[in-house]
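Note sheet for the following structure.
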Amino acid sequence: MPSKESKRESIRSFKEQKPLLGAYAVRCIASARVWVGVSRNLNATKNGSWFCLRSGSHKDKLLQEEWDAQGESAFQYEILECIDCEVHPLEVDDLLKAKKREWIARLSAQPLL
C-alpha cells in the first residue's frame, strides 16, 4: 500500500502536468476519410470525442454518420502536432487556428467542429 507521502507526490505531479496543445486527426480506416481539429488538451479530446460519438451526440454530423455506419473499430485518433507550451497565452487561439488550416490542407481533410 502506498504511503501518504507517495500519494501526495503523485497528486502533486499530476496537477503540475501541462496539457498538450496541438492538432489531431480522426481517421476512418474503412472509408479513408479524415477530420482535423485542434485542442488545448489533446489527451482529453479523444475521450470527449469518443464519448460523444458513442452516444450519438457529436457536433460534426458527417463524422457521426460515418461513425454510425462504420463502427468504432474503424476509427483512429492521431495526434498530428504538439505545440510548444511556451507560447504566450494570447497567441494560442490564433496559432491553433493556423495549425488547423495547415493540417486540413496537408491531409485534404474535413474540419472538425
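With a threshold of 22 Å on the Cα-Cα distance, the over-threshold entries among K4/K46; K46/K100; K18/K59; K18/K99 are K4/K46; K18/K59. Selection among S55, I104, Q76 by position relative to the dipole of the chain gives S55 as farthest towards the positive end (Cβ unit charges, Cα centre). Available extension along the chain between S57 and E5 is 14.5 nm, counting 0.36 nm per residue and deducting the alpha carbon span.
As a proxy for reagent exposure, ranking V92, V26, V34 by other Cβ atoms within 10 Å from fewest up yields V92, V34, V26. The fewest-to-most ranking of L90, L96 by surrounding Cβ atoms within 10 Å reads L90, L96. Mean sequence separation of contacting Cα pairs (under 8 Å, at least six apart), scaled by the length of the chain, corresponds to a relative contact order of 36 percent.
Working note: Karplus 6.51/-1.76/1.60 with θ = phi - 60° gives the range 58-65 the couplings 5, 5, 7, 5, 5, 5, 4, 5 Hz, where Gly and Pro are set to x.
Note on the range 19-111: Cα-only Rg and Dmax are 13.4, 41 Å. Residues whose amide H comes within less than 5 Å of that of Q110, counting only those at least five positions distant or on another chain, are V34, W35, V36 (H built at 1.01 Å from N in the peptide plane). Relative contact order of the range 9-55: 33 percent, from C-alpha pairs under 8 Å at least 6 residues apart in sequence.
Neighbour counting of Cβ atoms within 10 Å sorts the residues C52, C82, fewest neighbours leading, into C82, C52.
Against the chain, whose longest principal axis comes from its Cα atoms, helix 42-55 is set at around 50 degrees.
Database remark: amide H of L20 closer than 5 angstrom to the amide H of L42, N43 (H placed geometrically; neighbours at sequence offset of 5 or more, or on other chains; Pro and chain starts carry no H). Per-residue Karplus couplings for the range 105-113, computed as 6.51 cos²θ - 1.76 cosθ + 1.60 with θ equal to phi - 60°, are listed in order as 5, 5, 9, 6, 9, 8, x, 8, 6 Hz, Gly and Pro entered as x. 3J(HN,Hα) couplings calculated from phi for the range 71-76 with the Karplus curve 6.51 cos²θ - 1.76 cosθ + 1.60 (θ = phi - 60°) are, in sequence order, x, 4, 5, 8, 10, 10 Hz; Gly and Pro show x.
Values quoted throughout were computed directly from the atomic coordinates according to the rules given, and no laboratory measurement underlies them. Being a predicted model, the structure only gives us computed values, none of them experimental. FYI the Cβ positions are ideal-geometry reconstructions off the backbone, even for glycines, and counts take in every protein chain you see.
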